[in-house]
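**Q** Got a structure here, written out as structure tokens. Questions coming.
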Amino acid sequence: MIADTELHATLVRGLGLFGPLLALVALCSWRVPSRRETAAMIVSGAWALLTLLPLNLVALRLGWWTFHADGGMWLGMPVDLVVAWVVLWGPLPALLLRVLPVPLLTALLVWADILLMPLAAPVVDLSRLWLVGEFAGAVVCLIPALLLAYWTREGQLVHARVWVQAGLAFGLMVVLPVFVLGVVPSGSTVFAGAQAVALAGLPGLAAAREFARVGAGTPLPYDPPVHLVTSGPYAYLRNPMQTSMVAVYAVLAVLLREPALLLLGLSALVYGAGFADWHEDGQLRAAFGRRWTDYRSAVRPWLPRWRPWPGRTPGVLYVAEDCAVCRGLGAWIAARSPVALELRPAAGHPEVLYRVTYETPDGSRWSGVSAVARALEHLHLGWALTGWALDLPGPRQFAQVCADVFGAGPRPSRAPRTAVPETGHGERV
């Protein structure tokens, strides 16, 4: 009887792991994934991993289900079954989107999970409330992973995808290693540590947003920008995201007194300076030619410039002359000799503007506090950091309210131009 139980448990774990993996290999062999499909597999898999781990920990704590297995366990969970679940709810459905829509695929995967979970006994022991956990998993893990895969595959909602990718990168590369290492900050260092980590990660986050704003892409190599990005942090540093990650590891290593985090930072530095730099250079050289080589020769990969690269994407800041606050701001910026920034009166713009406005040659536009934040990038690194922090959700809205209260509220830059009537001969009167 004991031998039969052990054999059954071995079959459950073997089929549970290799079933989804073989299905994934079969789909990839049937048709090689495109770049966007590969990106969809990565982001959906990352989401599934970072949500299924806490889901199972909550399930164990609340008693929705428990695991009974020997070997390959971590925090009470069989690592092989967790990996299989990640594949089943992440990369595998990302490829199945080739033939099935999101609602039908969601229903099929939940139905399959409801059928398979009871069959996983004796490795998985279900309580009477296990369907509550199944519903929570579908809402928190499966549906967001499928939506992310779909949006990535279709190239939609690039700004939202960048924010999600930033969160996933932080979770996978910072939170998960710290959790695995079991290091916990003391109460006295939590607040200071959070500030230091936020400052170290700020250029990387701003760079990721710049990819979406200017490049119409994301930091994921399989979903890159379609335009060469030389503005934002890239006007100061060629590898702002990699530099930020190394800085975050260094800060955490000091705060948590954990040498392993220094090794992670060193690994990230070696990878970024080695393979990643070589691979990126080849791709960007092929895509952008002389523009990339000029930029590469002028902007360092790891040590930032103090003043932005003069060849960066230029900008124009439109300032209302009849607004004392706006006029003072324009004079303050002009006095600091901005690089690649032109200041013009708002009344001269073809449209009626209602706030300070920043524009680039491709027609991209920011207004209000966001425009000021963009203008600060043209001064020097210190003010650029201030601008990137100011333009984050939350600080931006608060700063805008304060600006409106103190006299920089919306107002027309000029009276709208009215159409001039014409005579029957096409002459204006």
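The values are calculated or read from the model by the stated rules, or taken from the named source; none is laboratory data. Everything numeric here is computed off the predicted structure, so don't read it as measured data. Cβ coordinates were reconstructed from backbone atoms using ideal geometry, including for glycine residues, and neighbour counts include every protein chain displayed. Heavy atoms of the whole protein, side chains included, go into the accessibility calculation; ligands, DNA and RNA do not. Shrake-Rupley method; radii C 1.70, N 1.55, O 1.52, S 1.80 Å.
**Q** Considering only the range 223-268, how many residues are under 22 Å from Trp388 (Cα atoms) and charged (D, E, K, R)?
**A** Qualifying residue count, the range 223-268: 1.
**Q** Name every residue in the range 320-352 that is among the small types (Gly, Ala, Ser), within 21 Å of Gly407 (Cα to Cα) and not in a loop (DSSP other than H, G, I, E, B), in order of residue number. Write out each step before concluding.
**A** The initial filter retains those residues of the range 320-352 that are among the small types (Gly, Ala, Ser), namely 320, 324, 328, 330-331, 334-335, 337, 340, 346-348.
Add one more test, that the residue is within 21 Å of Gly407 (Cα to Cα), and what stays is 320, 324, 328, 330-331, 334, 346-347.
Correct list: Ala324, Gly328, Gly330, Ala331, Ala334, Ala346, Ala347.
**Q** Further, regarding this structure: Mind checking which residues of the range 346-369 are touching a strand residue (DSSP E or B) at 6+ places or on another chain (Cβ under 7 Å) and farther than 28 Å from Leu228 by Cβ?
**A** Taking the range 346-369 as the starting set, the residues that turn out to be touching a strand residue (DSSP E or B) at 6+ places or on another chain (Cβ under 7 Å) are 346, 349, 353, 355-360, 365-367.
Correct list: Ala346, Leu353, Arg355.
**Q** If you check Val184 against the conditions, is it open to solvent by 50 Å² or more (accessible area, probe 1.4 Å), out of contact with any Lys or Arg (no Cβ under 9 Å at 6 or more places or on another chain) and outside any helix (DSSP H, G or I)? Please lay out each step first, then the result.
**A** Values: open to solvent by 50 Å² or more (accessible area, probe 1.4 Å): yes; out of contact with any Lys or Arg (no Cβ under 9 Å at 6 or more places or on another chain): yes; outside any helix (DSSP H, G or I): yes.
Criteria met by Val184.
**Q** Something else: Would you mind finding the one in Leu57, Leu62, Leu88 that is within 23 Å of Ala121 (Cα to Cα), of a type in the set (A, V, I, L, M), surrounded by 18 or more Cβ atoms within 10 Å (Cβ to Cβ) and out of contact with any Lys or Arg (no Cβ under 9 Å at 6 or more places or on another chain)? Talk me through it step by step, then tell me what you get.
**A** Working: Leu57 fails: surrounded by 18 or more Cβ atoms within 10 Å (Cβ to Cβ); Leu62 fails: surrounded by 18 or more Cβ atoms within 10 Å (Cβ to Cβ).
On inspection, the qualifying residue turns out to be Leu88.
**Q** Would you be able to say whether some residue in the range 27-37 is touching a Phe, Trp or Tyr at 6+ places or on another chain (Cβ under 8 Å), assigned to a helix (DSSP H, G or I) and either surrounded by 13 or more Cβ atoms within 10 Å (Cβ to Cβ) or of a type in the set (Lys, Arg) (or both)? Give the steps one after another, and end with the answer.
**A** Going residue by residue through the range 27-37, those that are touching a Phe, Trp or Tyr at 6+ places or on another chain (Cβ under 8 Å) are 35-36.
Going one step further and asking which of them are assigned to a helix (DSSP H, G or I), we end up with 35-36.
Adding the requirement that they be either surrounded by 13 or more Cβ atoms within 10 Å (Cβ to Cβ) or of a type in the set (Lys, Arg) (or both) leaves 35-36.
Yes, some residue in the range 27-37 is touching a Phe, Trp or Tyr at 6+ places or on another chain (Cβ under 8 Å), assigned to a helix (DSSP H, G or I) and either surrounded by 13 or more Cβ atoms within 10 Å (Cβ to Cβ) or of a type in the set (Lys, Arg) (or both).
**Q** Here's a follow-up. Look at Leu353 and say whether it is more than 18 Å from Arg213 (Cβ to Cβ), at pLDDT 95 or above and open to solvent by less than 80 Å² (accessible area, probe 1.4 Å). Outline the logic, then answer.
**A** Details: more than 18 Å from Arg213 (Cβ to Cβ): yes; at pLDDT 95 or above: no; open to solvent by less than 80 Å² (accessible area, probe 1.4 Å): yes.
Here the answer is no, as Leu353 does not meet what is asked.
**Q** Of the numbered conditions (1) part of a loop (DSSP other than H, G, I, E, B); (2) over 25 Å from the mean Cα position of the chain (by Cα), Thr293 satisfies every one except a single condition; which is it?
**A** Thr293 satisfies all of (1) part of a loop (DSSP other than H, G, I, E, B); (2) over 25 Å from the mean Cα position of the chain (by Cα) except (1).
**Q** What are the residue pairs meeting all of these: first residue in the range 62-76, first residue at positive phi, second residue surrounded by fewer than 14 Cβ atoms within 10 Å (Cβ to Cβ) and assigned to a loop (DSSP other than H, G, I, E, B), Cβ atoms under 9 Å, and 6 or more apart or on different chains?
**A** Gly63/Leu129
**Q** Given the options Gly19, Gly45, name the one that is of a type in the set (Gly, Ala, Ser), part of a helix (DSSP H, G or I) and open to solvent by 30 Å² or more (accessible area, probe 1.4 Å). Break it down into steps so the answer makes sense when it comes.
**A** Values: Gly45 fails: open to solvent by 30 Å² or more (accessible area, probe 1.4 Å).
Exactly one of Gly19, Gly45 is of a type in the set (Gly, Ala, Ser), part of a helix (DSSP H, G or I) and open to solvent by 30 Å² or more (accessible area, probe 1.4 Å), namely Gly19.
**Q** With the range 68-137 as the region, which helices (runs of 4 or more DSSP H) entirely inside it contain at least 3 residues that are more than 15 Å from Asn56 (Cα to Cα)? So that I can check it myself, show each step before the final result.
**A** Details: elements: 79-89, 91-96, 102-119, 130-137.
By residue number, 91-96, 102-119.
**Q** Another question, then. So which residues in the range 151-160 are in contact (Cβ under 8 Å) with a residue 12 or more places away in the chain and touching a helix residue (DSSP H, G or I) at 6+ places or on another chain (Cβ under 6 Å)?
**A** Hits for the range 151-160 are Thr152, Arg153, Val158, His159.
**Q** If you check Leu176 against the conditions, is it in contact (Cβ under 8 Å) with a residue 40 or more places away in the chain and either surrounded by fewer than 21 Cβ atoms within 10 Å (Cβ to Cβ) or small (Gly, Ala, Ser) (or both)?
**A** Working: in contact (Cβ under 8 Å) with a residue 40 or more places away in the chain: yes; either surrounded by fewer than 21 Cβ atoms within 10 Å (Cβ to Cβ) or small (Gly, Ala, Ser) (or both): yes.
Answer is yes for this residue.
**Q** Checking the structure you have, find out if any residue of the range 225-239 is β-branched (Val, Ile, Thr) and over 28 Å from Pro93 (Cα atoms). Explain how you work it out, then say what you get.
**A** So in the range 225-239, the residues β-branched (Val, Ile, Thr) come out as 226, 229-230.
From what is left, the residues that are over 28 Å from Pro93 (Cα atoms) are 229-230.
Looking for residues that are β-branched (Val, Ile, Thr) and over 28 Å from Pro93 (Cα atoms), one finds at least one in the range 225-239, hence yes.
**Q** Do we find a residue being more than 28 Å from Thr66 (Cα to Cα), open to solvent by less than 40 Å² (accessible area, probe 1.4 Å) and not small (Gly, Ala, Ser) anywhere in the range 124-146? Spell out the reasoning first.
**A** Step one: of the range 124-146, the residues more than 28 Å from Thr66 (Cα to Cα) are none.
Scanning the range 124-146, I find no residue that is more than 28 Å from Thr66 (Cα to Cα), open to solvent by less than 40 Å² (accessible area, probe 1.4 Å) and not small (Gly, Ala, Ser), so the answer is no.
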